[in-house]
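Shown next, in structure tokens, is the structure this report addresses.
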Amino acid sequence: MLNIGLLFHSSNSDNLGVGALTIGQIDIIRGISRATGIEIAITLFDWVGPRRAYVEGADITIVPINGEAMKDPRRIIGMFKKCDVMIDIGAGDSFADIYGSKRLNRMIYLKYLVHLAGRAVVLAPQTFGPFTSWITRPFARDLVKRATLVATRDDHSTGALRQLGVTRPVVTASDVALRLPAVGVPPAWARSTVGINVSGLLMAGGYTGQNQFKLNIDYPSAMRALIGQFLALSERPDVVLIPHVISPTVPDEDDMAASLSLQREFPDVTVAPAFQSPGAAKAYIGSLDFFTGARMHSCIAAFSSGVPVVPLAYSGKFAGLFGSLGYDATLDCGALGQDNLVGSVLNAYRNRQALSEQVSVARLVAGERLGDYTDALARVISEVALRKRTDDQSRMASGHRWQAMDERL
């Protein structure tokens with residue numbers, strides 16, 4: 001039995017995107033187990049949260065980590081030592097200083113504890129950087145060099161690692177959330193339906209409340225204009241606001257609160273239900289005729305379902321991911337003005353059939369890239385399993401020798 005640990009994944013995050021990454025990763029691991037015949041147990045190291053876990057299975061053990069546990073590094077190392085391989089996905093895009101030093105420092109700390117535990121580390125497909133601080137760059141470079149396998153989810157991240165001074169081989173893959181299965185029965189719509197994900201984080205101005213991500217638009221004003229323009233179209237599509245981070249205890253993060261607030265201003269819009277799992281969100285999004293939003297994994301749910309989608313980017317991760325697949329519909333909220341942004345989304349809606357065809361081609365590219373990551377991960381798992389089996393056989397042989405010696409004496 002091989003024990004694979006998952007770090008910076010989540011079974012219960014209010015951010016359904018992180019959950020989508022976790023479920024996609026588990027799907028890949030299970031596929032490798034079936035293909036190789038290697039029996040695998042999965043240990044998910046997770047932060048305690050109020051939401052019920054949406055990751056389950058007889059092969060999964062969830063080990064909670066909290067701030068108190070992190071104060072005892074020996075305890076954490078002991079937990080990590082129970083794994084044979086650790087897969088670290090960095091919550092998708094958090095191995096960077098874009099979200100502040102506190103989050104990055106926690107990441108760096110736990111990553112080094114895995115290495116102190118002496119375990120093989122896989123850096124799963126994720127966005128690397130930006131690392132703008134001279135303090136964090138050497139740590140980031142060192143941690144990437146130490147890993148057994150490094151995979152990025154786009155060309156931009158691979159380039160960022162090269163600029164960081166990393167020369168080792170890197171697998172340029174795609175987002176593992178593309179493997180997320182839809183769960184549940186999607187709604188049936190009577191007419192053309194437009195889904196809009198409104199980011200509670202951007203509505204609040206980021207974590208600082210001061211336009212943290214340096215958008216060129218007033219995001220709340222742009223969302224109101226976009227909703228108003230869709231409702232004013234002659235064909236009157238149904239407009240549905242789709243929360244993808246549902247966090248009632250953190251109002252500045254909560255897409256649901258932002259959506260309900262906008263519904264009070266625009267009573268003709270529908271607000272999607274509070275999804276209990278990433279798969280349920282994907283099933284709902286997959287029923288739409290068109291989608292746009294600022295939560296990247298809500299856009300990935302649309303894209304992987306074949307829905308024409310216009311991602312509204314607040315960081316380079318959007319263009320990096322979708323652009324690497326040849327899908328060029330991303331709009332940069334840091335560069336475009338409000339009129340251009342809203343007008344471009346509406347033009348994409350009018351040309352959604354062509355956009356749908358572009359999605360179909362790009363999904364094939366994504367599948368090939370994820371195949372490269374799956375093959376590389378399978379090699380690591382197979383090598384570790386072989387080494388473990390050899391070590392076990394050596395210990396058994398040694399034990400037999402000592403037993404035979406005792407019997408002679």
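What does the charge count around Leu123 come to, taking other residues whose C-beta lies under 12 Å from its C-beta (Lys +1, Arg +1, Asp -1, Glu -1)? List each step's numbers first, then the result.
Numbers: positive: Lys111, Lys145, Arg146, Arg153, Arg168; negative: Asp88.
In short, +4.
Report the gain in length on full extension from Ala335 to Asn216: 0.36 nm times residue separation, minus Cα-Cα distance, nm rounded to one decimal.
Numbers: separation 119, 0.36 × 119 = 42.84 nm, distance 0.56 nm.
Going from the current span to full extension adds 42.3 nm.
Name the long-range amide H neighbours of Thr61: under 5 Å, sequence gap of 5 or more, or other chain; modelled H, no Pro or chain starts.
Here Ile42, Thr43, Leu44 satisfy the definition.
Provide the net charge surrounding Lys145, with neighbours chosen by a C-beta distance below 15 Å and charges set as Lys +1, Arg +1, Asp -1, Glu -1. List each step's numbers first, then the result.
Numbers: positive: Lys111, Arg137, Arg141, Arg146, Arg162, Arg168; negative: Asp88, Asp142.
Once all neighbours under 15 Å are counted, the net charge is +4.
Over region 1-144, what is the relative contact order in whole percent, taking alpha-carbon pairs under 8 Å and six or more residues apart? Let's see the in-between values first.
Details: 223 pairs, mean separation 37.3, N = 144.
That works out to 26 percent.
Relative contact order for region 65-131: what percent, with Cα pairs under 8 Å and sequence separation of 6 or more?
On the way: 78 pairs, mean separation 30.1, N = 67.
The normalised contact order for region 65-131 reaches 45 percent.
Report, by chain and number, residues whose modeled amide H sits under 5 Å from the one on Ser315, excluding near sequence neighbours (fewer than 5 apart, same chain).
Those lying under 5 Å, H to H, from Ser315: there are none.
Modelling each spin label as a point 7 Å along the Cα-to-Cβ direction, I'd like the Arg51/Arg75 distance in nm, to one decimal.
It works out to 2.6 nm between the two label points.
Just order 14-26, 68-80, 134-146 by mean Cβ neighbour count inside 10 Å, highest at the front, would you? Kindly include the intermediate steps, with their values, before the conclusion.
Values: 14-26: 26.3, 68-80: 13.9, 134-146: 16.0.
Highest-to-lowest ranking by the protection proxy: 14-26, 134-146, 68-80.
If you place +1 on the Cβ of every Lys and Arg, -1 on the Cβ of every Asp and Glu, and leave all else neutral, what size is the dipole of region 22-123 about its Cα centre, to the nearest 20 Debye? Walk me through the intermediate numbers first.
Values: 14 positive and 11 negative charges, 66 e Å.
The calculation lands at about 320 debye.
Per-residue HN-Hα couplings for region 245-257, Karplus 6.51 cos²θ - 1.76 cosθ + 1.60 at θ = phi - 60°, whole Hz, x for Gly and Pro?
Here the 3J(HN,Hα) series is 10, 10, 9, x, 7, 10, x, 6, 9, 7, 5, 5, 4 Hz.
Can you find, among Thr330, Pro186, Leu226, the residue sitting farthest towards the positive end of the charge dipole of the chain, where Lys and Arg contribute +1 and Asp and Glu -1 at Cβ?
Thr330
Apply the Kirkwood formula to region 205-283: the hydrodynamic radius equals the inverse of the mean of 1/r over all pairs of different alpha-carbon atoms; give it in Å with one decimal. Each step should come with its number before you reach the end.
Working: mean 1/r = 0.0717 Å⁻¹.
After inverting the mean inverse Cα-Cα distance, the result is 13.9 Å.
Check Val239: other-chain or 5+ apart residues with amide H under 5 Å from its amide H, H built from backbone geometry?
Those qualifying (amide H under 5 Å, at least 5 residues apart or on another chain) are Val194, Thr270.
I'd like the distance between the alpha-carbon centres of region 254-321 and region 25-78, rounded to an integer number of Å.
27 Å
In whole percent, what relative contact order does region 193-350 give with Cα contacts below 8 Å and a gap of six or more residues?
Values: 270 pairs, mean separation 40.8, N = 158.
26 percent.
Give the percent of DSSP beta bridges with both residues in region 193-350 that are antiparallel, rounded to the nearest 5.
Working: 0 of 15 bridges.
The antiparallel fraction comes to roughly 0 percent.
What whole number of Å gives the distance from the Cα centroid of region 166-202 to the Cα centroid of region 330-361?
16 Å
Could you check the simple spin-label distance between Thr167 and Val250, using points 7 Å along Cα→Cβ, in nm with one decimal?
According to this spin-label approximation, the distance is 4.0 nm.
Hey, what number do you get for the chain at 222 nm if only DSSP H runs of n ≥ 4 count, each worth -39500 (n - 2.57), divided across all residues, to the nearest 500? It would help to have the intermediate numbers written out before the result.
Details: 14 runs with 195 residues, N = 409.
Rounded to the nearest 500, it is -15500 deg cm²/dmol.
For Pro248, what is the net charge nearby, where nearby means another residue's Cβ is under 13 Å from its Cβ and Lys, Arg count +1, Asp, Glu -1?
Working: positive: Arg51; negative: Asp14, Asp252, Glu253, Asp254, Asp255.
Counting the neighbours of Pro248, the net charge comes to -4.
In whole Å and largest first, what semi-axes does the C-alpha gyration tensor of region 1-68 yield when each eigenvalue is scaled by 5 and square-rooted? Could you put the intermediate results ahead of the total?
Values: eigenvalues 97, 34, 16 Å².
They are 22, 13, 9 Å, listed largest first.
Could you list, in their original order, any pairs among Lys71/Lys111; Lys102/Lys214; Lys145/Lys388; Lys102/Lys317; Lys111/Lys317; Lys82/Lys145 whose Cα atoms are separated by more than 18 Å? Mind showing how you got there, number by number?
Values: Lys71/Lys111 15 Å; Lys102/Lys214 20 Å; Lys145/Lys388 23 Å; Lys102/Lys317 20 Å; Lys111/Lys317 22 Å; Lys82/Lys145 23 Å.
Too far apart for the 18 Å limit: Lys102/Lys214; Lys145/Lys388; Lys102/Lys317; Lys111/Lys317; Lys82/Lys145.
Could you state, as a whole-number percent, how many of the C-alpha pairs of region 193-350 are farther apart than 21 Å? It would help to have the intermediate numbers written out before the result.
Working: 4895 of 12403 pairs.
Every Cα pair in region 193-350 considered, those over 21 Å come to 39 percent.
Hey, what do the phi angles of region 267-272 turn into as Karplus ³J(HN,Hα) couplings, whole Hz, using 6.51/-1.76/1.60 and θ = phi - 60°, x for Gly and Pro?
For region 267-272, the Karplus-derived couplings read x, 7, 8, 9, 10, 5 Hz, x marking Gly and Pro.
Could you work out the pair-distance distribution P(r) of the chain from its alpha-carbon pairs, with 10 angstrom bin width and percents rounded to whole numbers?
5, 22, 31, 24, 11, 4, 2, 1, 0, 0
Got a sec to turn the phi values of region 381-387 into Karplus ³J(HN,Hα) couplings, 6.51 cos²θ - 1.76 cosθ + 1.60 with θ = phi - 60°, whole Hz, x for Gly and Pro?
For region 381-387, the Karplus-derived couplings read 4, 5, 5, 5, 5, 5, 5 Hz, x marking Gly and Pro.
Multiplying the sequence separation of Ser360 and Leu386 by 0.36 nm and subtracting their Cα-Cα distance, what value in nm do you get? It would help to have the intermediate numbers written out before the result.
Values: separation 26, 0.36 × 26 = 9.36 nm, distance 3.90 nm.
Using 0.36 nm per residue and subtracting the Cα-Cα distance, I get 5.5 nm.
Only Lys, Arg, Asp and Glu count, each charged at its Cβ (+1, +1, -1, -1), so figure out the dipole size of region 193-350 about its Cα centre, rounded to 20 debye. Write down the numbers at each step before the final one.
Values: 8 positive and 13 negative charges, 38 e Å.
That gives a dipole near 180 debye.
Each reported figure results from applying straightforward, stated rules to the coordinates on display, with no laboratory input. On a predicted model such as this, the values are computed, not experimentally measured, just so you know. Cβ sites come from the backbone with ideal geometry, for glycine too, and all protein chains shown count toward neighbours.
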